[in-house]
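**Student:** My questions all concern the structure below.
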Amino acid sequence: MSLPPIDLAVFHDHGFTRRQCRITNLWFWTCDKDRTTCGDTHEDEYTFIGKPLIQGFEQRGKALKDAMREAFLSFFETFEHHRIQPYPVLARWRDDIHLTIASIADFQPHVTSGQVAPPANPLTISQPCIRLTDVDAVGRSGRHLTTFEMMAHHVFNRPDEGEMYYWMEECVAYCHQMLTETFGVEAAEITYVENPWCGGGNAGPAVEVIVGGLELATLVFMNLEESEDGDIELKGDRYREMPLQIIDTGYGLERFCWAAAGTPTIYEAIYPETVEWLKTLSGFSEVASNWPDLDLDKVLGEMSRLNGIMNIEPGVDAEHLSQLFIERLSQRDVSITQEQFLAVTEPLARIYAIPDHLHALTHMIGDGLVPSNAKAGYLARMLARRILRMRDDLGIDVTLAELISHHIDVNMEGHNMKQTRDGIITIMSLEEERYGEVLRKGTNLIKQSLKSIAQDAEQLPDELLFQLNDSHGLPPDMVINMAQAIGWSQLRLRTGFSAELAERHAKMAKAAASTDQHTSYVHELPQLPKTVPLYYNDVHQRSFDASVLASIPLLEDVALESATHAIVLSESCFYPEGGGQEGDYGSLTTDGTSRQVLDTKKENGLILHLCDGPFEVGDLVHGSIDWSRRKQLMDHHTAVHIVGGAARRILGPHIYQAGSNKSSELARLDVTHYRRLTREDLDAIEVLSNEVLGQVSRIEKIVLPRHEADKKYGFDLYQGGAPKGNEIRVLRISDHDVQACGGTHHDEPGKIGSIRVVRSTAVQDGVERLHIVAGDSALSFAREQGEILREASKTFAVASEDLPKTAERFFTEWKEQRKRIEQLEAEIVRLRTTGGGDDSMNVDGVRMVVMEVQGNLKQLTSMLQELTRDPETPTVAVLGSREGGGKLMVACTESSIASKRYNAVDLLKSIIPHIKGGGGGRPTMAQGGGSDADGLDAALEEARRLVQS
RNA sequence: GGGCGUGUAGAUCAGUUGGAAGAUCGCUACCUUGGCAUGGUAGAGGCCCCGAGUUCAAAUCUCGGCACGUCCA
């Protein structure tokens, strides 16, 4: 069975009829008798360019967006939808995506799965979203954006629990009423296209709302989930109805603006100030004056109408596209050469894309993101670099910080940003600096790489381009441009290369994705009630009594040390590893047996005590935990929260926990920051952390329903990772730090004693790892440091205060003396080589020196150098030394009869077996060593024989 | 999370098959000049990132660490 037709009263009431599109074959509803297409095909041009279809909105830019958004939200408010504040663009409540890509993403996965209640029902929202998949098409297609606001009304129905708010009929009715009444759209311009939606294991009927050739909204009725024995078939997969029935709508705010403005592209409707500014700065306005005959306005007008049917998607070859455009334009009596076309469209594409990218970047950085070379931070860096490149291509002289400042002034007023303006500007300046550095290094590298390429080459090797891109951040087209500029004028980028590059990356990504795995500790977990955790009620409880519910042998490959069995109890105060806190150790005993608990883990709500032996099911056991270890873990865990809060107060609002680990020896806290931390930073964090220990007398532990926690404390709660349940355990250390955390913590910070921030290391760019010790570990750390100091001072026989000064003195003296030794060795060599007449002889005008000397390879080298330096006395020298198992060296005076007649390597190879060694070198200088110094005499004797013959 | 790349003089970088640590700029002194720009000559400046291993021999090869860069998810 497939989905039935979407046949609603609202269609009939407004005189709409159902037809099948002659191009796409999709069914659609229209009240225009002449319409034969669904509206979104390659024959449906944009009809609103120059002739707005949405009436009553004369503003442009931010004012237009604000008015449009307000009109939408208040429409739904009057129909009893609750207005929800937008979520951040960084999807920190999710671990599967970095960015908020749709309004429904706010409620995934737990609201949409039914585990967590929605914040309101029904609700309306305008959610800023970022999607980078189409980034290449932005600016070129006239309609693509990386950042947009998705206006929506959402409903979460539970028919099985008698909670049914509304479904398709009402949903479409709201949409139609809003379009025609609030926005003044003629009903004849609207088509509703039936096009089922599926994705991510869910599916349902859906309606696309098309106005003037532009898809303004999609109304999705999500009521199906993937199931092998489902009775509904959609696009090859089987589905069944699910208990939760969700209305997921998406109205493109910017598209509404565009339809209201009727501008040639969407960018002029929403970013008019920046587009004008960049046109002026880049001198684009004068481009047309190069060709007085060209009617630029007409070209652009026709182009934007064409945009609607050209279906410009990312990855389309630019050259091919331009030819297609020129062809189509000529069909419409617009004649333009390729040169003219590119001179107009290339700069325009950049002028349009820059404000869009700035908007996305401002949102991301504004939400507290730090640019990085990994994860979401990398996406921000990519956007920043795209902006900088486009700016350079346009030849504009403004900094990234100035561009962002301008954007904030024009577009961000009233938007609540977490990061400060100064913070954003600092981060942008650092990014631009870094970009400059990549360019500078890249230029050198390209010059270097080109050395091996013929000046008249037409292409560069694929491997070179791949490598320059992947390892050095130099995009292929930039490499070609640079190479052309410095003399390789014939070079072109091979058609299709960019596509191959993308494909290569996709392959790598696919290979990486398939290596995901989950470790389990036992073969099969029995169905048992969740273990009752005692550690939340009283974190100080050290022992308890419980009954054994299961005793399961551990899987071979996860067995650690001597643990053999996982014991499941009815309740436990053993804390299982989680939230970066290691599991508790201790013991379980009955009257007869006693087992060590070597680690504690959690799986499917069951606490697994990993023991060194089994129990009988039904045994009553007495459990007691290793308290000193637990106390230390609590010291470290609570300290991590305090240090995190301190770092945020000292370094800025972008400080976010990127991971943490607490063992009994030390704790590690990874935080996001845009530059390396100095010791001064660490000191300030340490001082503030210790102040908190004294100032805050109690740590609050509160359990809240999820949406209440979100509302009260915001998404910074979820720094430790996205929690799963509807109930959130909030740990609040006054206003210093508030986080959702399932770990065990002290009730009073003062119990920790003291905190030391030992050092910081870099995890990746944009993430610093703080090494922290607290409580007893802090004391033993101090003791160890003292011991290191004492040991070092003992070696120097000085007081530890004098150690740095003394070490420095020793080091400089060591350097000076090393130099002095070199000089003295040279002197020794000079003395030895001037005297040795006895060991030299003359064979046909070549001086032969064969002798045993004292010294290492380095000294022998200098001696040989001295002996064979003078071209006036051609010399072959063979030196031997007994050091280190015997050394032999042979050298000939360069470019003389000596080097013509004798080969140092051959000579060496003939004599080296006497000392049981090997060696090699160049024809004029060879060296080798052996393991039998006693053979040295024989070796030298053979050398004498060889040179005489 | 995965792939790739780079650590050599104060700076920017060469360094071939493992076999004698280099260039350019900067620095110091001297020469040229009335002085400066410039030109000439000489010199100083190196834990070749750190630690193991292989080898007669490691800046070079292998492994580990640290630091930096970059592409992708």
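**Student:** Under Stokes-Einstein, with the Kirkwood radius over Cα pairs standing in for Rh, what whole-number D in µm²/s applies to chain A at 10 °C and 1.306 mPa s?
**Tutor:** Taking Rh from Cα pairs, D becomes 46 µm²/s.
**Student:** Divide the volume of the convex hull of the Cα atoms of the range A:1-89 by its number of residues and quote the answer in cubic angstrom per residue.
**Tutor:** Per-residue hull volume (Cα only) is 229 Å³.
**Student:** Here's a follow-up. What does the extension gain come out to for A:E241 and A:Q338, with contour length at 0.36 nm per residue minus their alpha carbon separation?
**Tutor:** Result: 29.5 nm gained on full extension.
**Student:** Taking the full set of protein chains and a 1.4 angstrom probe, give the accessible area of A:R790 in square angstrom, rounded to the nearest 10.
**Tutor:** Accessible area of A:R790: about 140 Å².
**Student:** With point charges of +1 on the Cβ of Lys and Arg and -1 on the Cβ of Asp and Glu, referenced to the Cα centre of chain A, which listed residue (A:L525, A:H14, A:Q455) lies farthest in the positive direction of the dipole?
**Tutor:** A:Q455
**Student:** Return the ratio Rg/(2.2 N^0.38 Å) for the range A:633-783, where Rg is computed over Cα atoms only.
**Tutor:** That works out to 0.98 for the range A:633-783.
**Student:** Under the 0.36 nm per residue contour assumption, what length would be gained going from the current alpha-carbon distance of A:E433 and A:E748 to full extension?
**Tutor:** Extending this stretch completely gives an extra 108.9 nm.
**Student:** Still on this structure: Classify the range A:828-925 as rounded, prolate or oblate from the Cα gyration tensor: take a ≥ b ≥ c as the square roots of its eigenvalues, call it rounded if a/c is under 1.5, otherwise prolate when a/b beats b/c and oblate if not.
**Tutor:** In terms of gyration-tensor shape, oblate.
**Student:** Note the direction-averaged projected area, equal to a quarter of the hull surface, for the Cα convex hull of the range A:532-625, in nm².
**Tutor:** 5.7
**Student:** Give the distance, in whole Å, between the Cα centre of the range A:443-512 and the Cα centre of the range A:91-114.
**Tutor:** First find each Cα centre; the distance between them is then 38 Å.
**Student:** If you don't mind, there's one more thing I want to ask. Going from most exposed to least, what order do A:Y378, A:Y46 have by accessible area with a 1.4 Å probe?
**Tutor:** Greatest to least solvent exposure: A:Y378, A:Y46.
**Student:** Find which of A:L857, A:I247, A:G743 sits farthest along the positive direction of the dipole of chain A, computed with +1 on the beta-carbon of Lys and Arg, -1 on that of Asp and Glu, about the Cα centre.
**Tutor:** Towards the positive end, the residue furthest out is A:L857.
**Student:** Can you list the GluC sites (Glu not before Pro) in the range A:561-655 that are in a DSSP coil and have 11 or fewer other beta carbons within 10 angstrom?
**Tutor:** Within the range A:561-655, the qualifying GluC sites (Glu not before Pro) (loop, at most 11 other Cβ atoms within 10 Å) are A:E561, A:E616.
**Student:** What does the accessible area of A:M303 come to, in Å² to the nearest 10, when a probe of 1.4 Å is used?
**Tutor:** 20
**Student:** Continuing with the same structure: Over every pair of different alpha-carbon atoms in the range A:390-493, take the mean of 1/r and invert it; report that Kirkwood radius in Å.
**Tutor:** For the range A:390-493, the Kirkwood estimate is 16.0 Å.
**Student:** Rank these by accessible area, largest first, 1.4 Å probe: A:C198, A:C257.
**Tutor:** A:C198, A:C257
**Student:** Follow-up. Distance in nm between label sites at A:E327 and A:Q59, each 7 Å beyond Cα in the beta-carbon direction?
**Tutor:** Result: 4.4 nm between the two label points.
**Student:** At 7 Å along Cα-to-Cβ for each site, give me the label-to-label distance between A:W167 and A:H505 in nm.
**Tutor:** 4.4
**Student:** So how do A:391-397, A:412-418, A:735-741 stack up, highest first, on mean other-Cβ count within 10 Å?
**Tutor:** The packing order, highest mean first, is A:735-741, A:391-397, A:412-418.
**Student:** Give me the log10 of I(q) over I(0) for the range A:47-268 at q = 0.08, 0.11, 0.13 Å⁻¹, as the Debye formula computes it from C-alpha points; what are the numbers?
**Tutor:** Ignoring solvent entirely, the Cα scatterers give -0.29, -0.55, -0.78.
**Student:** 7 Å from Cα along Cα→Cβ at both A:T590 and A:A826: what's the point-to-point distance in nm?
**Tutor:** 8.4
**Student:** Okay, next question. A:T24 to A:E872: extension gain in nm, 0.36 nm per residue of separation minus the Cα-Cα distance?
**Tutor:** 296.1 nm
**Student:** Give the ranking of A:W488, A:W258 by solvent-accessible surface, highest area first, calculated with a 1.4 Å probe.
**Tutor:** A:W488, A:W258
**Student:** Which FRET efficiency value, to the nearest 0.05, is calculated for A:E894 and A:E556 with the Förster distance at 60 angstrom and r the Cβ-Cβ distance?
**Tutor:** E between A:E894 and A:E556, to the nearest 0.05, is 0.35.
**Student:** May I pose another question? When we measure straight from the Cα of A:K858, which aspartates and glutamates land under 15 angstrom away, once same-chain ones fewer than 8 places off are left out?
**Tutor:** Partners found: A:E822, A:E825, A:E827, A:E866, A:E883.
**Student:** Also: Given Cβ point charges of +1 (Lys, Arg) and -1 (Asp, Glu) and nothing else, what value in debye, to the nearest 20, does the dipole of the range A:633-783 about its Cα centre take?
**Tutor:** 200
**Student:** As an exercise, use a Förster radius of 45 Å and the Cβ-Cβ distance of A:T495 and A:D409 to find the FRET efficiency, rounded to the nearest 0.05.
**Tutor:** For R0 = 45 Å, the calculated efficiency reads 0.60.
**Student:** Let me ask something else. Only Lys, Arg, Asp and Glu count, each charged at its Cβ (+1, +1, -1, -1), so figure out the dipole size of chain A about its Cα centre, rounded to 20 debye.
**Tutor:** 2780
**Student:** Does the range A:746-881 come out rounded, prolate or oblate, given a ≥ b ≥ c as the square roots of the eigenvalues of its C-alpha gyration tensor, rounded meaning a/c under 1.5 and, failing that, prolate meaning a/b above b/c?
**Tutor:** Prolate, because a/c is 1.5 or more and a/b exceeds b/c.
**Student:** Follow-up question, since we're still on this one. Keeping all protein chains in the complex and leaving out DNA, RNA and ligands, what accessible area do you get for A:D937 with a 1.4 Å probe, in Å² to the nearest 10?
**Tutor:** For A:D937, the solvent-accessible surface is approximately 90 Å².
**Student:** For the range A:758-804, go through all pairs of different Cα atoms, get the mean of 1/r, take its inverse, and jot down that Kirkwood value in Å.
**Tutor:** The Cα-based Kirkwood calculation yields 12.7 Å.
**Student:** Let me ask you something else. Computed FRET efficiency, Cβ-Cβ of A:H472 and A:A9, R0 51 Å: what is it to the nearest 0.05?
**Tutor:** With a Förster radius of 51 Å, E is 0.25.
**Student:** Which are the unpartnered cysteines of chain A, meaning those with no other cysteine Cβ under 4.7 Å from their Cβ?
**Tutor:** A:C31, A:C129, A:C171, A:C175, A:C198, A:C257, A:C573, A:C611, A:C741, A:C892
**Student:** Mind checking the angle between helix A:421-450 and chain A's longest principal axis? C-alpha axes, 0 to 90 degrees, to the nearest 10.
**Tutor:** The answer is roughly 50 degrees.
The values are calculated or read from the model by the stated rules, or taken from the named source; none is laboratory data. Predicted, not measured: the structure shown is a model, and the values here were computed from it. Note that we place each Cβ from the backbone using ideal geometry, even for glycine, and neighbour counts take in every protein chain shown. Ligands, DNA and RNA are stripped out before the accessible areas are found, and what is left, the full protein with its side chains, is counted by its heavy atoms. Shrake-Rupley method; radii C 1.70, N 1.55, O 1.52, S 1.80 Å.
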